[in-house]
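One structure below.
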Amino acid sequence: ATQLALMGQADIVEKLLAKLAAGGAAADPAIAGWVLEARAVSAGSAGDPGARVRLADAAAESFETAGDLRNACLQRVSVGYAYNEIGAYAEAERALRGALVVAERMGLDNAVGTARAQLGRTLGRRGAASQARDELGKAIEALRAQKNARLAAVATRYLARVLAEQGDLEGAEREARASVEALSGVNAMLGDALAMLSDVQRRRGAGGEALETAKRAMASLEAAGKTAVGEAAIRLAHAEALEA
C-alpha cells in the first residue's frame, strides 16, 4: 500500500487499507505502525499534508509502544519531513534532531543521512544558512556513500536553495544542475529539481533559459501526476519565469 501510494495508485491503496482495517491487523502495535505509515503516505499523496503529519506521528508512537525503536526512529524522520511540507519548521527541527540522536546511537546509517538532509532543509528555511550547509554536506556525503543516489540528489537540491538564498548563484546553479542530472529518470522528483534550476537562472537574469527549464519542469509534473514532489514550487517557478 505504501509503495502503491507513492506511485499514485490511490484506488488500489484504498482497497488494501480497507482490507487491513477489516482484518483487525492494527490491534498489534508493531503492525499498526506499518498500517499508519501506509495511511500517512497515502494522505500525503492525496494532497492532505495535515493528515500526513498526524498519521506519521501516530505511526512513530505505535512503533515505540511495540518496542521497535529502529522503525520508530525512521518514522520520526518521516514526521520531520511531514512538518517541513507544511512549513512547521520548529516542529520539524525538534523531531529531526531527536531522530538523529537515536539514529546515531543505534548506528542506523540510512536514517542518519535522511535525517540530516531534512534537518538541513529545515535550517535553511529557518535562516540558519551556515548550519544548513553543514548538515546538507554531511547528508550528501553519507547518502552517496550508501549508494542512495536519489536521496543524495534531493539533498543537493536543498543545498542549491540555501546557496541561492545566500546569493551564491554560481554555486546554486552547479548544485541544481547536479540534482537535475541525478534525477533525470525519476519523473516524480525531477520537476522539483528543474524548478530550482529555473529559479536560479531567473535570479541571475537569464529569463529565456529559466522559462525553458520551467517548461521542462511542468512537463515532468504532468508526467508524474499525483506522484509529483514539489508541485507548488514547480508552478511558482513557471509563473515567475513567465513574468520575467
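The values are calculated or read from the model by the stated rules, or taken from the named source; none is laboratory data. Bear in mind the structure is a predicted one, so any value in this text is a computation, not a measurement. All Cβ positions, even for glycine, are placed from backbone atoms using ideal geometry, and neighbour counts span all protein chains on display. All accessible areas refer to the heavy atoms of the entire protein, side chains included, with ligands and DNA or RNA removed. Shrake-Rupley method; radii C 1.70, N 1.55, O 1.52, S 1.80 Å.
Carbon and sulfur together cover what percent of the accessible area of region 43-97 at a 1.4 Å probe radius?
48 percent
Read phi for every residue in region 208-213 and hand back ³J(HN,Hα) as whole Hz from Karplus 6.51 cos²θ - 1.76 cosθ + 1.60, θ = phi - 60°, with x for Gly and Pro.
x, 4, 4, 5, 5, 5
Got a number for the accessible area of Asp168? Probe 1.4 Å, square angstrom, nearest 10.
About 60 Å², ignoring ligands and nucleic acids.
By how many degrees, between 0 and 90 and to the nearest 10, does the Cα long axis of helix 49-65 differ from the longest principal axis of the chain?
The angle comes out near 40 degrees.
With unit charges on the beta carbons (Lys and Arg positive, Asp and Glu negative) and the dipole taken about the Cα centre of the chain, which residue among Gly127, Ala244, Ala21 sits farthest to the positive side?
Towards the positive end, the residue furthest out is Gly127.
Anyone know which of Gly67, Gly124, Gly23 comes out most mobile in the 10 Å Cα GNM of the chain?
Maximum among the listed residues: Gly23.
Taking +1 at the Cβ of each Lys and Arg and -1 at the Cβ of each Asp and Glu, which of Ala40, Ala58, Asn71 sits farthest along the dipole of region 24-71 towards its positive end, judged by Cα position relative to the Cα centre?
Farthest towards the positive end: Ala40.
Could you please state how large a percent of the accessible area of region 177-244 is carbon and sulfur, counting protein chains only and using a 1.4 Å probe?
51 percent
So how far, in whole Å, is the C-alpha centre of region 1-42 from the one of region 202-224?
Between the Cα centres of region 1-42 and region 202-224 lies a distance of 36 Å.
Compute from the Cα atoms of the chain the Rg and the Dmax, the latter being the longest Cα-Cα distance, and quote both in angstrom.
In Å, with Rg to one decimal and Dmax whole: 18.3, 58.
How many Å² of accessible area per residue for the chain, probe 1.4 Å?
Spelled out: the 1.4 Å probe surface of the chain, per residue, equals 49 Å².
Out of Ala155, Gly113, Leu96, whose Cα points farthest toward the positive end of the dipole of region 89-156 (charges: +1 Lys, Arg; -1 Asp, Glu; placed on Cβ)?
Comparing the listed Cα positions along the dipole, Ala155 ranks first.
Dipole magnitude of the chain about its Cα centre, charges +1 at Lys/Arg Cβ and -1 at Asp/Glu Cβ only, in debye to the nearest 20?
200 debye
Once both axes come from the Cα atoms, what is the angle between helix 129-145 and the longest principal axis of the chain, in degrees from 0 to 90, rounded to 10?
Taking Cα atoms only, the helix is inclined about 70 degrees.
When all protein chains stay in place, what accessible area (Å², nearest 10, 1.4 Å probe) is found for Glu14?
130 Å²
Could you give the angle, 0 to 90 degrees to the nearest 10, between helix 89-106's Cα long axis and the longest principal axis of the Cα atoms of the chain?
Roughly 60 degrees, rounded to the nearest 10.
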